[in-house]
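Participant: Have a look at this one before I ask anything.
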Amino acid sequence: MSLLSNLLGMARGSGAARDSEQSAQRMAEWDQALQSGRLPSFVEARLAAAAAGKVPWVATMSAAEFGLARGKGVRPLAMVSGTCWLHYGYSWTRGHAEGWRTALARLQHEARAVGANAVVDVKMRTVRLAVGESMDFTLLGTAVRIDRMPEATHPIVATVPALEFVRLIEAGITPVGIALGAQYQFLDPGVGMLMQSILGGSGGGGRIAMTSSSAARVQGSSRPFTNAVLPELSQFWEGIRRAAVAELLRDVQRQGTGVLAHTQLGQLFRVEQNNSPPRFLGRHIVIGTVVNTRRAIPVPHEIRAALDMRGTASPLSHSPPAGRHAYPANEQGGAI
Amino acid sequence: MSDVTDIPVHAVERLRGLRGDGHPEGIFTSDFSVNEFLLVRKAGFEPIGLCIGSCIYHVGIQYGSWSKNQELESLSQAMYEARELAMARMREEAAGMAADGIVGVELTVKRLEWDQHILEFMAIGTGVVHAKGHPGYKGPQGQPFTSDLSGQDFWTLLQAGYRPLEMVMGSCVYHVAHQGMLRSLGNVGRNAELTNFSQALYDAREIAMERMQNEATEAGAEGVVGVDLHEGSHNWQPHVIEFFAVGTAVTPIAGERDGSALPDPQLVLSVNS
């Protein structure tokens, strides 16, 4: 790698040193591409070259993952991404669902362009830049071609790393995509009823009729010395969680037979209001990897029990320390 | 306490540094863990010394136009050149000790306290040589190879029939346009994509990735493993972000090993807890 060669590479048009006209042209291409659901010509060219093996393949896989995946007929092609920066002026929660779904569709688009039938090791990323009520939703992954699987118009998207992906395939479990459920609701004790979000109604949380209740009763502060269940708040929060999981389930039903490894984010806020009792906002998001598998398929792997002499210091019972790829963000200097 | 004569003679000599003076098999330095050391040796390599390269760099000032998505080329080049200098110096050290390559390279950027425009770039890794002097493991142009793979990953990569060529990277410092007030007002009360931001991130990431891929092509690599894309800001304005793609370019070991040589891993369940 030499500085000169890199700069030459830039000058050839793939990289930097663009004049503003080129830059504007590039922006116009992006604009058109995002509006019409296509890819800009330079992205298409990169992915086509990767598909034809004219440029080196690029993989987020570790050396071990690459070695094992290759032995199983999984060949890396290119790194693909999907980005959507969404302003959630109407609803934070629905915005999150929409942002991730758009990013997912774009990631799949790139994967199709490179001739992949799957994308593995899909990571959810965000660039932390405060721009009003908005957020960056980015998915990054490695597009791969699995020799045993047919060409796909909808490449499989798996959030699991290549190593686990191979294990799943071996065990007759096919990861097929990502499912998502997101719900939010407001509880307004002053009004005495549950205000359900307008769009969030699709989640099936339902309108839970409540008797007139004061903010104090909802929070348990009317009887501060008594142990008591807070039924309204419990019911409210449980309703949101159930609705989010129900939405996840519907998303799974469209794609496969089950969901694994889901991550969830739940938040319950007390929102202070002027001259009226506080109200509550609950929001819950669940995201997981959808799999397709028949019931009771035997797992071919032998599993050995190991008694690790290192006891609690065992690397088997803890996640390993960050490898050399995980450059820790320097407190002063930021990321690498 | 056991007598010092219990230790093999050559080990004692090494401990005392007797073989250190100008002797190629003298004391080595490394930042390997025990397991890394064992696996590098298992792969047929010996560590010979820590290789370090650093570069303290004054990064100039470049402002992006308030409402425009654009790359800040001057900053991109600064970030690239400084890293490249640190890497080149590290590689020179390795060449000086006749290493075949450097494994476990860590590349860090640190801000110095007294001036926000001065950044310290450091590259550090362990120089290794093939134990039997095999000549086929050098990087491009006969230079030592560089790789951010750990000792464990290095062993695994060789088992899979590939060898590292060099660490490849691509940097793009980008100014993300601010959204105009009128456009912001238009979005009040509804969920809408801010396409200019989406475009900016896409474009910056694409440029960083293309540059890294260019380097891999120049190096004659078949592919790049362990790629990651970092986003960072080095005390720039809030809308200025660096996208940095880095990975290890690899090439097959001609006719020596094939991928099927990598044994299927045994699944193990810890019964301790």
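Participant: Under 8 Å between Cβ atoms, which residue pairs at least 6 apart in sequence (or on different chains) link something in region A:158-172 that is in a helix (DSSP H, G or I) with a partner that is aromatic (Phe, Trp, Tyr) and at pLDDT 85 or above?
Facilitator: A:162/A:66
Each row is one residue, and each column tells you yes or no for (1) within 17 Å of the chain's Cα centre (by Cα); (2) aromatic (Phe, Trp, Tyr); (3) modelled with pLDDT of 90 or more.
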{"site": "A:217", "(1), (2), (3)": "no, no, no"}
{"site": "A:224", "(1), (2), (3)": "no, no, no"}
{"site": "A:228", "(1), (2), (3)": "no, no, no"}
{"site": "A:235", "(1), (2), (3)": "no, no, no"}
{"site": "A:241", "(1), (2), (3)": "no, no, yes"}
{"site": "A:247", "(1), (2), (3)": "yes, no, yes"}
{"site": "A:253", "(1), (2), (3)": "no, no, yes"}
{"site": "A:259", "(1), (2), (3)": "yes, no, no"}
{"site": "A:268", "(1), (2), (3)": "no, no, no"}
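Participant: Whether any residue in region A:83-91 is touching a Lys or Arg at 6+ places or on another chain (Cβ under 6 Å) and more than 7 Å from chain B (Cβ to nearest Cβ) is what I want to check.
Facilitator: No: region A:83-91 contains no residue that is touching a Lys or Arg at 6+ places or on another chain (Cβ under 6 Å) and more than 7 Å from chain B (Cβ to nearest Cβ).
Participant: Taking region B:212-235 as the region of interest, how many residues are surrounded by 24 or more Cβ atoms within 10 Å (Cβ to Cβ), in a helix (DSSP H, G or I) and facing chain A (nearest Cβ under 7 Å)?
Facilitator: 3
Participant: Moving on. Take the residues of region A:72-131 that are surrounded by fewer than 22 Cβ atoms within 10 Å (Cβ to Cβ) and assigned to a strand (DSSP E or B): which is modelled with the lowest pLDDT?
Facilitator: Going through the qualifying residues, I end up with A:88.
Participant: To continue, here is another question. Provide a single number: the residues in region A:56-66 that are assigned to a helix (DSSP H, G or I) and buried (at least 24 other Cβ atoms within 10 Å of the Cβ).
Facilitator: 3
One line per residue, one yes/no per condition, for (1) at the interface with another protein chain (Cβ under 10 Å from one of its Cβ atoms); (2) more than 30 Å from residue A:74 (Cα to Cα); (3) touching a residue at least 40 places away in the same chain (Cβ under 8 Å); (4) not hydrophobic (A, V, I, L, M, F, W, C):
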| position | (1), (2), (3), (4) |
| --- | --- |
| B:81 | yes, yes, no, yes |
| B:90 | no, yes, yes, no |
| B:96 | no, yes, no, yes |
| B:118 | no, yes, yes, no |
| B:126 | no, yes, yes, yes |
| B:129 | no, yes, yes, no |
| B:146 | yes, no, yes, yes |
| B:165 | yes, no, yes, no |
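Participant: Here's another thing I want to ask about it. Of the conditions (1) buried (at least 22 other Cβ atoms within 10 Å of the Cβ); (2) more than 7 Å from chain A (Cβ to nearest Cβ), residue B:251 fails just one. Which one is it?
Facilitator: Unmet condition: (1).
Participant: Specify which of the listed residues (B:178, B:130, B:117, B:134) is at pLDDT 90 or above, farther than 22 Å from residue B:224 by Cα and surrounded by fewer than 21 Cβ atoms within 10 Å (Cβ to Cβ).
Facilitator: When all the criteria are applied, what remains is B:130.
Participant: All but one of (1) more than 10 Å from chain B (Cβ to nearest Cβ); (2) part of a strand (DSSP E or B); (3) closer than 23 Å to residue A:281 by Cβ hold for residue A:139, so report the exception by its number.
Facilitator: Result: residue A:139 passes all but (3).
The values are calculated or read from the model by the stated rules, or taken from the named source; none is laboratory data. None of the values given here were measured: they were computed from a predicted structure. Heads up, the Cβs are rebuilt from the backbone with ideal geometry, glycines too, and the neighbour counts pull from every protein chain shown.
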